[in-house]
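Step one of this worksheet: look at the structure below.
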Amino acid sequence: MTAILQIQNNGQLILASNYWNSDYARAGKVYLSVNAGAFRLLLPDLFTSELADMRTALEVIISRAPWPAQRCSDAIELLFDDWTDNPYAPHIGTEQIDRLPLDRDAGREVVCTVWTRGPKLEVMLPARYRRSAKLPDLRPWSNGHAA
């Protein structure tokens, strides 16, 4: 994979990145960048069809835990919760993240954004981060909607 991914930031916004010309993007791998209270999901060109599923979400639940099925000791799940029985929920290993969220961030309200080539901001949703026992977790946040 590309040795160093570069992201030029303006707070939560991405001004520029070499991600879309990287080995990650060419291989169809998403990349998660955490900056200024935002979880920014960078999508390869092949993933733009998933945008429709992401846009129906009302919030994003970000869970960090071991992912035994993939033999990962640490991974991230992004549950794009649309309050249905089948939400969109990609899982990624730590090699696809620029910095892991801290345990002290658990329960905090953050924002999740989704970016395509440009970089172009496609989706911005309220989000919450939590530690889980294992992935997949797929539990909604405890906010009163039906599970």
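Values in this text are rule-based calculations from the coordinates and carry no lab data. It should be emphasised that the depicted structure is a prediction, and the values quoted were computed from it without experimental measurement. No Cβ is skipped: glycine too gets one built from the backbone with ideal geometry, and neighbour counts run over all protein chains shown.
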Subset of the stretch 20-37 that is surrounded by 15 or more Cβ atoms within 10 Å (Cβ to Cβ) and over 19 Å from Ile76 (Cα atoms) - its residue that is farthest from the chain's Cα centre (by Cα):
Ser22
Hey, among the residues in the stretch 61-90 that are surrounded by fewer than 17 Cβ atoms within 10 Å (Cβ to Cβ) and not charged (D, E, K, R), which one's nearest to Pro140 (Cα to Cα)?
Trp83
Would you confirm whether any residue within the stretch 42-60 is among the aliphatic types (A, V, I, L, M), more than 26 Å from Pro140 (Cβ to Cβ), out of contact with any Pro (no Cβ under 7 Å at 6 or more places or on another chain) and not in a strand (DSSP E or B)?
yes
With the requirement that a residue be within 17 Å of Val114 (Cα to Cα), more than 10 Å from the chain's Cα centre (by Cα) and not charged (D, E, K, R), what does the stretch 39-82 give you?
Pro44, Leu46, Phe47, Thr48, Ser49, Leu51, Ala52, Met54, Thr56, Ala57, Leu58
Is one or more of the residues making up the stretch 106-114 farther than 16 Å from Ala38 by Cα, touching a residue at least 40 places away in the same chain (Cβ under 8 Å) and either of a type in the set (A, V, I, L, M, F, W, C) or surrounded by 14 or more Cβ atoms within 10 Å (Cβ to Cβ) (or both)?
no
